[in-house]
Every structure is written in C-alpha cells, then in structure tokens.
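Only one structure is covered here, and it is reproduced in the block below.
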Amino acid sequence: MRTKKIFVSFLLGLALAAGLAPQPAGAQAPKRRPRIAVLDFDYATVQTWSQSVFGSNVDIGKGITNLLVTGLVKDGTFSVIERSALDKIMTEQNFSNSQRADPTSAAKIGKLLGVDAIIVGAITQFGNETKKTGIGGGGGTWGGFGVGGFGHSNSKANVAINARVVNVDTGEIMAVAEGAGQSSRSSTSLLGAGGHNWGSGGGNVDFGSSDFQNTIIGEATKAAVDKLTIDLLANAPKVSVRTITVDGLVAAVDGGQVIINVGRRAGVNVGDQLEVLRVTKEIKDPSTGQVIRRLTSTIGVIKATDVDDTSAVCNVVSGAGFKVNDAIRSVTQ
C-alpha cells in the first residue's frame with residue numbers, strides 16, 4: 001500500500017512539473033494583441049511610373065497593402081482588421097483616395113473600427129534603373145540609332161515605401177517604418193516576357209501571385225514589403241492596447257438571448273462579457289434639477305456571441321429578468 005502511495009505521489013509530481021496541474025482560480029487571462037488596420041498606400045507620386053510599367057493605371061497602393069497585411073497576419077504580433085470591415089467604414093465616411101496618407105482622417109477611420117492603431121503609407125519609388133548601350137551607327141541614342149547601329153537597354157527595378165503608425169485617439173504618429181527593394185537581376189522589361197496584359201481587369205494586379213513576383217518589379221516589390229514588415233514589427237511595442245469602455249442598453253430580450261444596441265464600432269467583440277445593470281435611483285442636483293448620479297444594481301452578466309457594427313447578440317452567463325433599457329457596461333483591453 002505504501003509503495004502505491006509513493007507511486008501516485010510521483011505521478012502527481014510529474015504532472016506539476018509538466019504544467020498539467022489546473023491553473024489557480026482568479027488567474028489572469030493574457031492580454032489581447034494590439035488591433036490594427038492598414039489603409040491602402042498612397043501612390044500619387046509614382047503614378048506616372050506605374051502607368052508606364054503596367055500600361056494603365058493600376059492601384060499599386062492596394063496591391064502593396066495586401067502584401068503587407070498578409071505578412072503581418074502570418075507573423076501574428078498584431079490582430080489585423082478584415083478588409084471588408086475597413087472598406088465598409090471608408091465607404092460610409094466617403095473616404096477618398098487623396099486621404100490615404102492623412103493621419104487625421106486615418107485616425108477617425110481607426111476609431112470607428114475600434115482598433116488600437118492604424119497604418120498609413122506611401123510608395124515613393126516604383127520603377128526602373130535603366131542602363132542603355134549602343135554600338136555603331138554614329139552614336140545614336142536608344143530608340144534612335146543610326147543605320148547599321150543596334151542597342152539594348154537593361155533595367156533593374158527599384159521600389160521604396162514608407163509607413164506611419166497612427167494613434168486613433170490623438171492622430172499622433174507613434175512610429176515610422178521604411179522598406180526598399182531592388183531586383184537582383186536585370187531585364188529589358190520590368191514585367192518580363194510572357195505577354196501578360198497586366199493593366200487589364202479594371203486596374204487590378206494580384207501582387208501576391210507567382211506570375212507577378214517572378215518579374216523583376218515584383219521581386220523588388222516583395223523585398224521592399226518584407227523589409228517594411230520587419231520594421232513595423234520592430235515598432236510593435238510602441239502600439240499600446242487601448243482600454244475600451246463600452247456603455248449601451250439592452251434593446252431586446254428574446255428567450256435566452258439578449259440583444260444590445262452597441263457593437264463592433266463601440267469596441268464589442270465576440271466573446272466579450274458585459275455586465276447588465278438596472279438603475280435603482282437617480283440623484284439630482286438640488287439647485288438645477290439635473291441628474292448628477294445614477295445608482296445601479298447588477299442584474300447579471302451576458303456574453304457576446306454575434307457582433308455587427310451597431311449591435312450584438314448575447315447569451316446569458318448569469319442572472320435573470322433582463323429588460324429593455326437595462327444598462328450594459330464593460331471595461332476591456
């Protein structure tokens with residue numbers, strides 16, 4: 001019997017050493033990751049170069065942004081807001097392409113999205129470094145060689161981008177990052193051979209496709225975005241997680257579900273728990289008659305299970321007797 005007890009004690013010791021023992025009650029859950037959004041990069045200064053590369057006006061700002069978002073999501077340091085949610089807010093706010101690099105406008109969008117920071121950026125270089133040579137024909141220039149002469153032009157692609165991390169509450173620029181890339185090979189064409197009609201399809205090019213990234217301009221673009229991603233991640237400690245106070249009301253009670261009148265824009269996310277309160281007494285200023293304080297009692301706790309921009313469906317965690325106009329409150333990070 002004594003041998004059996006010793007063996008059980010030994011197994012318990014192994015479990016504790018391996019971290020298999022249950023966590024003590026009240027242990028704090030880890031803080032959430034900083035939540036960010038990335039606006040399409042501005043490319044106004046290089047639009048002429050871009051048109052000469054693709055043959056039409058391709059939105060290279062959107063293409064580069066999609067590459068950056070992919071890299072940030074793969075790393076996992078940040079929680080990156082979905083593209084569809086960002087596009088919806090921008091449409092509702094009549095956000096124009098000319099505002100892409102404006103920190104003030106970006107901060108407004110970011111606050112509506114409930115993110116901790118928003119990234120804006122610009123493409124400052126997108127084109128080629130061309131060296132031209134000619135033989136014979138009296139020293140004519142490329143495109144105009146004399147009789148009997150011939151020439152060729154080799155290009156290397158260069159791409160440079162910069163980004164700023166903007167505080168959504170103040171519009172302050174918390175960090176800056178840069179990325180530059182050059183192709184490691186040269187070609188007579190930035191897009192190579194193969195007859196791709198890169199400028200077709202409404203000005204869209206898939207910057208993440210192997211077809212594009214195998215070109216020399218694609219190679220330089222990928223290198224620049226990779227360096228920018230590394231620089232942004234190095235600045236991650238500068239992005240603090242906001243403390244978001246959610247205040248709202250119960251809008252409806254349907255069976256075991258409670259619907260509230262605040263959602264994603266107010267900072268509510270799936271899984272959040274919210275306290276339901278009922279006002280028991282109002283204290284008024286005797287000189288003005290204005291309410292200066294409301295006394296409340298806790299009715300229960302609910303948990304968000306389905307959230308859209310302006311509302312949330314919640315399940316009951318504890319309590320009962322919820323009513324329309326009951327207050328809800330949550331302070332979360």
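The values are calculated or read from the model by the stated rules, or taken from the named source; none is laboratory data. Remember, it's a predicted structure, so these values are computed and weren't measured experimentally. Note: ideal-geometry Cβ built from the backbone for every residue, glycine included; neighbour counts use all protein chains shown.
Things to note:
- Looking only at residues of segment 295-326 that are touching a Lys or Arg at 6+ places or on another chain (Cβ under 7 Å) and outside any loop (DSSP other than H, G, I, E, B), we find that the one that is farthest from residue 32 (Cα to Cα) is 295.
- Residue within segment 59-82 that is at pLDDT below 85 and either assigned by TED's automatic domain parsing to the domain that holds residue 121 or more than 18 Å from the chain's Cα centre (by Cα) (or both) present: no
- One residue from 233, 249 being within 18 Å of the chain's Cα centre (by Cα), among the hydrophobic types (A, V, I, L, M, F, W, C) and within 26 Å of residue 112 (Cβ to Cβ): 233
- For residue 84: the one exception among (1) part of a helix (DSSP H, G or I); (2) among the polar types (S, T, N, Q); (3) within 23 Å of residue 228 (Cα to Cα): (3)
- Residue match in segment 310-333 (condition: within 37 Å of the chain's Cα centre (by Cα), of a type in the set (Ser, Thr, Tyr) and crowded, with 18+ Cβ neighbours inside 10 Å): yes
- Per-region count, segment 274-306, residues modelled with pLDDT of 90 or more and surrounded by 12 or more Cβ atoms within 10 Å (Cβ to Cβ): 14
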